[in-house]
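Below is one structure, written out as structure tokens; the observations come after it.
What follows is calculated from the coordinates using simple rules that are stated; it is not laboratory data. It should be emphasised that the depicted structure is a prediction, and the values quoted were computed from it without experimental measurement. Counting neighbours? That spans all protein chains shown, and the Cβs are built from the backbone with ideal geometry, glycine included.
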Amino acid sequence: MPVQTLNKTVRDEIYSCTLAAVRDERGEEADLSCQCLEFAFQGYRIIRDWPGAPRTLIQAGSAQWPRVPPELDDGVSDTHFGYEWDPQSHFSRLVRSGIIPVMRWADGHLAPSLPEIHVWLGCPDTGEIIDFTTGLWPAACRATLGQEWLAPLPPPYFWNFGTRRPDGVNYLPARDAIDCVIALLRLQGREYP
């Protein structure tokens, strides 16, 4: 059975540093839900410089977590909350062609508007998935769909082997989605990798 390179205390510290970096970038009072690209980028930077940390790469594509426990599944309602990458959507094609819609947040911050996508980190050498936004998913579910999270809450962050995901949790990277977010980072003048 594989063992993680960094223990939970170190992973918690990296998460705290990533959260602080995102707050520094976005502002202390900013809504941090739907900021997966910012979390992935800041996490990448922090892990890259952390002694003994595994090599990470930005991943992007589709992801989902269960929002309804199996015993409440009525066979009709959505049981999961997630983001589904569709490379053929009009919005995805615009972004891939270099046209990046920009939106102004309520706090005045200008940010690129992403197509439906989720961004996280992967460790190619260990098979670990790192998602620093899982604790924000219930708020994003409420804000975007108006639905409550009825399943057990996801942890503040998820950092584990892809083979050790909780039941119903999926991360599916897509090469064109990764290319899309890397292009956005470069348009923002951010260095990756």
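Of note:
- Normalised by 2.2 N^0.38 Å, with N the number of residues, the alpha-carbon radius of gyration of segment 70-156 equals 1.34.
- Selection of GluC sites (Glu not before Pro), segment 1-77, meeting DSSP coil and at most 14 other Cβ within 10 Å: Glu28, Glu29
- Label sites at Arg23 and Ile99, each approximated as a point 7 angstrom past Cα along Cα to Cβ, lie 3.9 nm apart.
- Cα pair distances of segment 105-193 binned at 10 Å [whole percent]: 13, 38, 37, 11, 0
- Cα-projected label distance for Ser16 with Asp179, points at 7 Å along beta-carbon direction, nm: 4.1 nm
- Whole-percent pair-distance distribution, where bins are 10 Å wide, for the alpha carbons of the chain: 9, 35, 38, 16, 2
- Loop-located GluC sites (Glu not before Pro) in segment 118-193 whose Cβ has at most 15 other Cβ within 10 Å (DSSP): Glu148, Glu191
- Remark: the chain carries a charge dipole of roughly 580 debye about the Cα centre, counting +1 on each Lys and Arg Cβ and -1 on each Asp and Glu Cβ.
- Dipole axis of segment 8-187 (+1 Lys, Arg; -1 Asp, Glu on Cβ), positive-most option in Pro70, Leu121, Asn160: Leu121
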